[in-house]
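Derivation of every value follows stated rules applied to the coordinates shown; laboratory data play no part. None of these values were measured; they are calculated from a predicted model. With ideal geometry, Cβ positions are generated from the backbone for all residues, glycine too; neighbour counts draw on all protein chains shown.
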Amino acid sequence: MREFPIGAIRQHFTKSLNRLAGVDFRWPNEAELDALEAFQRSLGRHADLSLPLPLKDPMAKLGQAIYLDDALGKCNLCHANAGATAAFSHFPLGSNENFNTGVENLPHHPARQVDPNMPRDGGFGRTPNGDRRGGFGNGTFNTPPLIEAAATGPFFHNNAVHTLEDAVNFYNSETFNNSPSGSRVRIELTPTQVRAVAAFLRVMNAQENIRSAIEKAKIAKQAGGGHQEERSLRIARAEIGHAIRVLEAGKLHASAVMPLKIARALLATASLVPSGPIRATLITLAVHQQEVARRHLVD
């Protein structure tokens, strides 16, 4: 985690493409690295997801099976437990590797429809990539986590596709399968299997949103007023909104979407009343509605 900001500073916070330390940027000191590490550790999940999930939707359940099948979907090879680790034994490091998936070679990259001469995003490294349009890097990018991927479109570092289903289908394409990484793990899925994997990712995303929203709502209820209470309520509403959007976009679990909308409305109302018994009651009701929604997703 200390290496991450160092790489980000050299890549993104530099005054010129020369990237000379002390001229174009400065390295963070130990105190700054300590602070950045502490901040990152305070964010997001504090426990790893454990697959498989006891899913109720048949299409999502099929998608999870494909995801975990190392001979079919092969997703779990690089995204073990939907995280950001590469556990595939054929990779020399075994974890947190960088990969060249060929996404910069997509034949209809949206940005290049506007500017065909746009330089390639070369990923890691500073070596010129030799492309006529210019650019630096070895073509590799770090493996991202997928637990909340459904809510992060447009997808890939270059915003190459806009739907989750298209993002899954990229790994089913010749562009990926002809890439340095794809040549090692060729993937061939039917259109139905692509939709199933996307459905699994959507339900998993919604499940995580609900978990986080309930956690934040309970923190708000216990905060006893002040900034933390208001901030926790805002985050809880936002998490519920993400869950609603990813499920509705995939036409999944309408029976869960309705209690989620009720929960969001209850939290919005709670934000309008002073901290106290009425707000606490509204938060309790919102948590109950989220638990109802979650029971529609998993056993």
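Counting charges near ASN158 (Lys, Arg +1; Asp, Glu -1) among other residues having Cβ under 10 Å from its Cβ returns a value of 0. Go ahead and set up a Gaussian network model of the chain, Cα springs under 10 Å, then flag whichever of ARG245, ARG126, ARG19 fluctuates most. Among ARG245, ARG126, ARG19, the largest GNM mean-square fluctuation belongs to ARG19. Spin-label pair GLN11-ARG132: with each label point 7 Å from Cα along the Cα-Cβ axis, the two points sit 2.8 nm from one another.
Listed options for Rg and Dmax of the Cα atoms in Å are (i) 21.6, 66; (ii) 20.5, 75; (iii) 18.5, 56. The value calculated from this structure is the one marked (i).
Placing a label point 7 Å from the Cα of PHE4 along the Cα-to-Cβ direction, the residues of the range 116-152 whose backbone N falls under 12 Å of that point are 143-145. Highest mean packing comes first when the peptides 175-181, 189-195 are listed by Cβ atoms within 10 Å, giving 175-181, 189-195. Principal-axis analysis of the Cα atoms of the chain puts helix 30-41 at an angle of about 50° to the longest axis. Centroid-to-centroid, using Cα positions, the range 139-214 and the range 1-25 are 29 Å apart. Taking amide H atoms as placed 1.01 Å from N in the peptide plane, the amide H of PHE141 lies under 5 Å from those of PHE99, ASN100, THR101, each 5 or more residues away in sequence or on another chain. What whole-number distance in Å separates the alpha-carbon centres of the range 252-282 and the range 227-246? Here the answer is 10 Å between Cα centres. Within the straight-line cut-off of under 20 Å between alpha carbons, the lysines reachable from LYS221 are LYS261, sequence neighbours fewer than 8 places apart in one chain being disregarded.
Listed from fewest to most Cβ neighbours within 10 Å, the set HIS253, HIS108, HIS157 follows the order HIS108, HIS157, HIS253. 3J(HN,Hα) along the range 237-251, derived from phi through the Karplus expression 6.51 cos²θ - 1.76 cosθ + 1.60 where θ = phi - 60°, amounts to 4, 5, 5, 4, x, 4, 4, 4, 5, 5, 6, 5, 5, x, 6 Hz, with x in place of Gly and Pro. GNM on the chain, C-alpha springs below 10 Å: top fluctuator among ALA111, ALA213, ALA199? Residue with maximal mean-square fluctuation among ALA111, ALA213, ALA199: ALA111.
The aspartates and glutamates whose alpha-carbon is closer than 19 Å to the alpha-carbon of LYS74, local same-chain residues fewer than 8 away aside, are GLU97, GLU148, GLU165, ASP166, GLU174, GLU188.
Taking other C-beta atoms within 10 angstrom as a stand-in for reagent exposure, GLU30, GLU230, GLU148, GLU165 fall in the order GLU30, GLU230, GLU165, GLU148, fewest first.
Scanning residues 5 or more positions from PHE136 or on other chains, those with amide H under 5 Å from its amide H are GLY122, ASN129, with H placed 1.01 Å from N in the peptide plane. Comparing mean-square fluctuations of ALA256, ALA21, ALA286 from a GNM of the chain with C-alpha springs under 10 Å, the top value falls on ALA21. From least to most packed, judged by other beta carbons within 10 angstrom and beginning with the fewest, GLU208, GLU32, GLU239 follow the order GLU32, GLU208, GLU239.
Starting from the Cα gyration tensor of the range 244-297, take the square roots of the eigenvalues, sort them a ≥ b ≥ c, and report rounded, prolate or oblate (rounded when a/c is under 1.5, otherwise prolate if a/b is larger than b/c, else oblate). Since a/c reaches 1.5 and a/b is larger than b/c, the shape of the range 244-297 is classed as prolate.
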